[in-house]
Amino acid sequence: MRRRNILELCIQISVLTVLATLYGLSLLSDPPRYVESLVISAAFVVLFGAGCIRVVPMLMTMLMGEEPHLHREGDRTFRRCGTRELFKLFLIVLLVRLLEFPLTYIVHYALFGYTGTFFEIQRLWLDFYHAETAFPLYGYLSNIFWIVTVNFNHARFLGSYFFTALAVAALYYLVQLDFDRRIARRTVRYFLIMPYALTLMGTVPDGLFVLFSVLTLLFLRKNKYPLANLFAFLAVLTHALGALLFFPVLFTYASYLIGNVRLNREVGNRYILRQILNTLSILLIPLGVGLVMLYSKLRFGDAMSLYSIALGTAGETGGGLIAWSDSTMALLRTVGGHSTALLFGTYLAQFAYLLFAGIMLLLTSKTIPTAFALLMAVTLPMIVMTGHVSDAARVVTMTVPFVITLAARIRRRWVDVLITAVLGAGWIAYFFAFIAGYTGVSL
């Protein structure tokens, strides 16, 4: 035990040292213009560092063959989740999304008066797809719905609805494996009313990515590694975030093998063959990355085109956060009009999501499966390192362990009601801001 504690401490010190070094280098390469920018960026780095410190003991415990979150009593549900229950949820999500149609028209009419017919206004949700920045799978799968719509824009629209509804049903099933149905329903509710989740109504690959990432985590939880890696492969073909699934997949499988060795499990030919297949299936994830690069090379003439756009200024750790903080401080010094609306609709909203993600990372200990916490821990630095703090809300929304952590930590009904009210109010405010053009949404 003493040796393990020393190892944990060494890993924690190493993580903090790397964070501090990279942040220091970012300050030298991109000095902040305002003192407030330095304070804000440093506070987020400290918050993330504290979250990493909390995750390290979970990783070590999992390597010892245990899952800390499974020791929580009273959260498990043992009644099987049936197809009828999931199909009912699927239909409810579709209905809720359809209600956004008339709401869009009403809000747009209230803000700008009559500028077009009911269906013309809905183009607000149809103009997000850009072939030059989209990963290939979403476009190909959504085009299947052309058979129904005979219009590729409308096909992507129907595809987004269908994929999002499937993703929510899969998320519900995933959560109820480790928690009761009350927490599963709460997770789904929080996910749907998080302010940025309204963009799932548009022609974006986010719903499809959430579906594949949730299925990856689901089959990881069931120790079905070939299926988990297959869906991770599909996630890689859908969005740049899919590559991050490699870390929880590899770590979970490594802990599984270590656990078998510790149990002195008898090794037979069938067992060895199964592990060879499991190991080879992990290669599907880097294969997916290679296929995306090949697609990018054939279509745009540059193998790194899609990843360059998706990841932005990779390697400038902290640079994006500092630059974003500087822009926020500059807007704060500009009072009135469009600048104030843009400040609240874009800049402060992204900071709120970053703050939420950092706090959830702190609360992961003994709350959710370790693989989920690891995915959160590798997602946060990706947001900052790529200089795409402007995508923080989108990335956090698509990384479902953040919302699972929030739902699992709530123990009192009044807190649940309060959070639901806050998220609901934020969703309504963001909906108005989006239609008014103050969110700066880039999809």
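The share of C-alpha pairs in the chain whose separation exceeds 35 Å stands at 31 percent. Only helices enter the 222 nm calculation for the chain: every DSSP H run of n ≥ 4 contributes -39,500 (n - 2.57), and dividing by all residues gives -23500 deg cm²/dmol, rounded to 500.
Would you mind calculating the gained length between Thr420 and Leu227 on full extension (0.36 nm times residue separation, minus the Cα-Cα distance), in nm to one decimal?
Length gained between Thr420 and Leu227: 66.1 nm.
Label positions at Val39 and Arg412, each projected 7 Å from the Cα along the C-beta direction, are separated by 3.0 nm.
Compute log10 of I(q)/I(0) for region 141-236 with the Debye formula, placing one identical point scatterer on every Cα and leaving out solvent, at q = 0.13, 0.23, 0.24 Å⁻¹, to two decimals. Each listed q corresponds, in turn, to -0.49, -1.13, -1.16. With the cut-off at 1.5 for a/c, could you classify region 171-223 from its C-alpha gyration tensor as rounded, prolate or oblate? Here region 171-223 falls in the oblate category. Over the Cα atoms of region 151-197, the radius of gyration divided by the Kirkwood radius equals 1.12; this is the Rg/Rh ratio.
Applying 0.36 nm per residue to the separation of Phe344 and Leu16 and subtracting their alpha-carbon distance, the gain on full extension is 114.9 nm. Converting phi to 3J(HN,Hα) with the Karplus coefficients 6.51, -1.76 and 1.60 and the offset θ = phi - 60°, region 350-363 yields 5, 5, 4, 5, 4, 4, 4, 5, x, 5, 5, 4, 5, 8 Hz in sequence order, with x at every glycine or proline. Taking 0.36 nm per residue of sequence separation and removing the Cα-Cα distance, the Phe119/Glu132 pair yields an extension gain of 2.1 nm.
Within the full protein context, the accessible area of Asp30 is estimated at about 60 Å² for a probe radius of 1.4 Å. Backbone geometry of region 407-423 corresponds, through the Karplus equation with coefficients 6.51, -1.76 and 1.60 at θ = phi - 60°, to 3J(HN,Hα) couplings of 5, 6, 7, 6, 10, 10, 5, 5, 5, 4, 4, 5, 5, 4, 5, 5, 5 Hz, x marking Gly and Pro. Modelled label positions at Val150 and Leu287, each set 7 Å beyond Cα in the direction of Cβ, lie 3.9 nm from each other. Each peptide in 248-257, 414-423 receives the mean, over its residues, of other Cβ atoms within 10 Å, and ordering these scores from highest gives 248-257, 414-423. With a Förster radius of 30 Å applied to the C-beta separation of Ala436 and Arg299, the computed FRET efficiency comes to 0.30. Over all distinct Cα-Cα pairs of region 213-304, the Kirkwood formula returns a hydrodynamic radius of 14.0 Å.
Ordering of 85-98, 194-207 by packing is 194-207, 85-98, highest average first (other Cβ atoms within 10 Å, averaged per residue).
The values are calculated or read from the model by the stated rules, or taken from the named source; none is laboratory data. This one's a predicted model, so the numbers in the text were calculated from it and none came from an experiment. Virtual Cβ from ideal backbone geometry, glycine too; neighbours counted across all protein chains shown. Each accessible area value is taken on the protein alone, full model and side chains, heavy atoms only, with ligands, DNA and RNA left out. Shrake-Rupley method; radii C 1.70, N 1.55, O 1.52, S 1.80 Å.
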